[in-house]
1. Among (1) outside any helix (DSSP H, G or I); (2) of a type outside the set (G, A, S); (3) farther than 17 Å from V65 by Cα; (4) modelled with pLDDT of 90 or more, there is one condition D153 misses while meeting the rest; what is its number?
2. Does G120 meet the test of being modelled with pLDDT under 95, among the small types (G, A, S), open to solvent by less than 70 Å² (accessible area, probe 1.4 Å) and under 30 Å from E177 (Cα atoms)?
3. So which strands (runs of 3 or more DSSP E) are wholly in region 68-117 and hold at least 3 residues that are closer than 16 Å to Y44 by Cβ?
4. Sort out which residues of region 68-86 are among the β-branched types (V, I, T) and either at pLDDT 95 or above or under 22 Å from Q48 (Cβ atoms) (or both), and write them in order of number.
5. Take the residues of region 164-198 that are assigned to a strand (DSSP E or B) and open to solvent by less than 50 Å² (accessible area, probe 1.4 Å): which is modelled with the lowest pLDDT?
Amino acid sequence: MGVMAKTSTTTQGLRAAIERSGYYPALVAEAVEAAVGGEPIRSYLVHQETTFDQNEVRRHVTVLVLTDHRFIVSHTDEQAADNTSPTPYATTSTESVKLGRISSIVVSRVVANPESYTPGTLPREIVLTIGWGAVSRIDLEPAACGDPNCEADHGYTGSSTADDLSLRVSEAGDGPETVRQALAFAQALSEATADQTR
């Protein structure tokens, strides 16, 4: 009974967070609930981002959901009227990833006055990067040797970075509660993926 009550509370909390975002809540909630299905929700994060594109303000919401077996990502964007649609429209996509496919979880924390940092203090901002192999970024640059007079072609050198999802949450822009929730989600996801390797 305790687990069921917690799951119900978590589901209600997710719905409330989607409602609070104020960003097409009926559309976002329907897409997320369809992707989750009947699985219990272990953790979630709702993040709304506003960007400025020339003369337009664009909004975007990302919903991350952790279940016992899957990591679900939902993105919803709004678009202005264009040659494909005479009225403004929104696009919603969901992706479901098996926990065993997640290869990396990176949490970058930015803290003020690190010399006087006290454990438990909320970071000023965090960047949560999650990789599962769907998207990779390759950064290349010409390779060189140590001889400054060398004119030979040494080919290229570079690095490949998993870049499936990167989410920045800041105390100033999103509020301390969203930063707390992002950290809690990252920890829950990290623990869930560690369970998959046991």
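The values are calculated or read from the model by the stated rules, or taken from the named source; none is laboratory data. Worth saying up front: this structure is predicted, and the values here are computed from it rather than measured. Ideal geometry is used to build each Cβ from the backbone, glycine not excepted, and the neighbour counts take in all protein chains shown. Side chains included, ligands, DNA and RNA excluded: accessible areas come from the protein's heavy atoms. Shrake-Rupley method; radii C 1.70, N 1.55, O 1.52, S 1.80 Å.
1. (4) is the only condition that D153 fails.
2. Details: modelled with pLDDT under 95: yes; among the small types (G, A, S): yes; open to solvent by less than 70 Å² (accessible area, probe 1.4 Å): no; under 30 Å from E177 (Cα atoms): yes.
Against the criterion (modelled with pLDDT under 95, among the small types (G, A, S), open to solvent by less than 70 Å² (accessible area, probe 1.4 Å) and under 30 Å from E177 (Cα atoms)), G120 does not qualify.
3. On the way: elements: 70-79, 89-98, 104-110.
Answer list for region 68-117: 70-79, 89-98.
4. Let us first name the residues in region 68-86 that are among the β-branched types (V, I, T), namely 72-73, 76, 84.
Result: I72, V73, T76.
5. Step one: filter region 164-198 for residues assigned to a strand (DSSP E or B), giving 165-170.
Retained after the next criterion (residues that are open to solvent by less than 50 Å² (accessible area, probe 1.4 Å)): 165, 167, 169-170.
Numbers: L165: 90, L167: 93, V169: 95, S170: 95.
Only one residue tops the list, namely L165.
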